[in-house]
């Protein structure tokens with residue numbers, strides 16, 4: 001008996017220690033990026049200054065002055081917020097109809113929607129550039145970026161909302177119908193308050209996907225509507241000449257999302273599982 | 001019939017948007033793939049405007065199929081996606097089991113673990129290839145240099161020195177070379193997506209039937225057999241979800257490939273399409289059609305596998 005207790009005591013020490021070690025390993029690259037952002041470019045590549053150096057805010061000042069960080073950040077914020085809002089406005093009614101009034105085709109429509117997500121972006125990039133530049137004249141506009149972000153995230157938005165809405169007992173919605181509530185009233189007064197948590201996690205995840213999107217936002221913009229992904233792609237310095245600067249720009253690009261993610265961890269976990277894992 | 005109208009109307013905007021999004025660019029891609037269409041040509045200026053008179057039939061497809069780069073890109077795409085899937089599922093399972101018990105600071109451990117998932121792909125690539133993996137200036141180079149000088153120092157020791165004299169000098173690995181940059185991509189994407197797998201497996205583990213497990217313990221089942229017979233079947237569905245969602249994202253991996261291996265031959269399909277598209281739109285479009293076909297094969301397979309269970 002004593003042996004068993006000893007073993008489990010040891011287990012009580014080892015497993016948490018291992019868990020902490022794994023967590024630190026995974027977080028280390030992010031820590032290192034933030035850490036390096038306070039070194040000068042010269043210090044950042046000197047092994048003797050690997051851990052000990054005079055911290056400086058030079059890189060951040062430089063970034064604000066030379067890289068026009070705020071313009072890119074504002075563009076990222078505007079396009080992500082609007083794309084998230086619009087995809088919710090389009091997605092909520094669709095998911096509502098699919099969850100509470102399904103037809104024989106509902107399943108096929110859902111699967112088809114998800115399959116549009118699998119359409120490789122590269123396959124349709126040139127036509128999109130061609131159309132938006134030559135015919136529609138919306139290349140490099142906020143409108144285009146918002147539209148594309150909406151379209152690429154809509155399938156996921158509808159899937160997530162659908163799985164959340166299905167959790168709501170149908171009787172509640174039916175009761176509303178009996179009382180003569182309009183469809184709009186049902187959505188506004190019954191569905192949205194009941195599914196608020198699910199809608200919030202959908203919005204959050206969509207916002208993160210929009211913020212981090214790097215294919216369309218880089219290729220359909222030049223200056224006016226360029227987002228933070230574009231700033232990073234444009235400024236990756238060759239062969240580590242500017243580690244300090246690079247770290248500062250990178251930190252400023254990912255910090256808002258990481259902090260947002262920390263605060264909303266619980267909702268995210270729910271959202272990420274598409275409601276399919278309980 | 002009026003009550004069937006309303007659900008249709010509610011779905012109409014979403015369906016219409018996605019339909020246009022799918023049909024318009026894709027049919028243009030199909031058209032471009034069937035004609036000769038280049039952006040610059042001094043010999044054949046007529047090829048620089050897309051028109052039916054430049055009809056090439058299946059010529060672009062033949063050109064792409066006979067191009068070695070295409071097969072390299074396909075093999076690389078599959079290798080990268082499969083490696084990432086296997087690694088994230090195994091690591092995700094291991095880590096989820098590890099933190100599926102309460103201990104001091106579990107909340108903080110979770111916050112630290114999930115963080116890589118929020119990093120934007122472009123930053124992920126820039127960070128790893130420069131500051132971590134660079135053979136000279138990155139942590140890899142610094143660590144290898146430190147190891148070498150440590151071994152050098154030990155060589156001067158009286159007796160032990162003979163032993164250390166046998167040690168080879170370590171060479172840092174350059175992850176910008178064609179052969180190695182795929183590994184760099186796998187590494188950085190695995191780092192980013194393992195947290196996703198961990199979160200999903202963890203959520204699922206928490207709903208595992210504890211009484212069943214306790215019964216198994218009483219019956220004398222070993223930890224391993226409990227894991228194989230109870231936990232793994234319970235995790236089948238979350239594993240399927242992790243595989244599906246990741247396949248969707250990783251088949252179109254681009255930023256990482258572009259930043260890590262620009263022009264060194266380590267391509268995947270999206271990157272190859274981008275290379276063609278710098279001039280030969282016909283070939284780029286044909287490659288795009290192949291990419292759509294590949295994605296559809298994967299999609300059918302995955303949706304069959306889990307589509308049904310998601311609807312229940």
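The values are calculated or read from the model by the stated rules, or taken from the named source; none is laboratory data. Predicted model, so just to flag it, every value in this text is computed and none were measured. Cβ coordinates were reconstructed from backbone atoms using ideal geometry, including for glycine residues, and neighbour counts include every protein chain displayed.
Out of B:74, B:84, one residue alone is surrounded by fewer than 22 Cβ atoms within 10 Å (Cβ to Cβ), more than 7 Å from chain A (Cβ to nearest Cβ) and assigned to a helix (DSSP H, G or I). It is B:74.
All conditions but one from (1) part of a loop (DSSP other than H, G, I, E, B); (2) free of Cβ contacts under 8 Å to residues at least 40 places away in the same chain apply to residue B:17; the one that does not is (1).
Against the definition (within 14 Å of residue B:85 (Cα to Cα), within 9 Å of another protein chain (Cβ to nearest Cβ), in contact with a helix residue (DSSP H, G or I) (Cβ under 8 Å, 6 or more places away or on another chain) and touching a residue at least 40 places away in the same chain (Cβ under 8 Å)), how does residue B:186 come out, yes or no? The answer is no for residue B:186. In the range B:168-205, the qualifying residues are those that are part of a loop (DSSP other than H, G, I, E, B) and under 18 Å from residue B:130 (Cα atoms), and the one that is farthest from the chain's Cα centre (by Cα) is B:171.
Against the list (1) facing chain A (nearest Cβ under 10 Å); (2) modelled with pLDDT under 80, the condition residue B:204 fails is (2).
Table: residues versus (1) in contact with a strand residue (DSSP E or B) (Cβ under 8 Å, 6 or more places away or on another chain); (2) farther than 30 Å from residue A:243 by Cα; (3) not assigned by TED's automatic domain parsing to the domain that holds residue A:212.
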| residue | (1), (2), (3) |
| --- | --- |
| A:16 | no, yes, yes |
| A:30 | no, no, yes |
| A:41 | no, no, yes |
| A:46 | no, no, yes |
| A:49 | no, no, yes |
| A:52 | no, no, yes |
| A:58 | no, no, yes |
| A:76 | no, no, no |
| A:79 | no, no, no |
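Checking each residue in the range B:289-301 for being touching a helix residue (DSSP H, G or I) at 6+ places or on another chain (Cβ under 9 Å) and either surrounded by 20 or more Cβ atoms within 10 Å (Cβ to Cβ) or over 19 Å from residue B:243 (Cβ atoms) (or both) picks out B:289, B:290, B:291, B:292, B:295, B:299.
Being surrounded by 18 or more Cβ atoms within 10 Å (Cβ to Cβ), in the same structural domain as residue A:165 (by TED's automatic domain parsing), closer than 30 Å to residue B:91 by Cα and under 21 Å from the mean Cα position of the chain (by Cα) is a description that does not apply to residue A:95.
The condition of being assigned by TED's automatic domain parsing to the domain that holds residue A:86, closer than 17 Å to residue A:94 by Cβ, without any contact (Cβ under 8 Å) to a residue 24 or more places away in the chain and part of a helix (DSSP H, G or I) holds for residue A:188. Can you name every residue in the range B:129-142 that is closer than 11 Å to residue B:184 by Cα and more than 7 Å from chain A (Cβ to nearest Cβ)? Within the range B:129-142, B:129, B:133 meet the criteria. When you check residue A:233 against the structure, is it at pLDDT below 85, in a helix (DSSP H, G or I) and closer than 17 Å to residue B:122 by Cβ, yes or no? Yes. Looking across the range B:16-49, the residues that are facing another protein chain (nearest Cβ under 10 Å) and crowded, with 17+ Cβ neighbours inside 10 Å come down to B:17, B:18, B:21, B:22, B:25, B:26, B:28, B:29, B:32, B:33, B:37.
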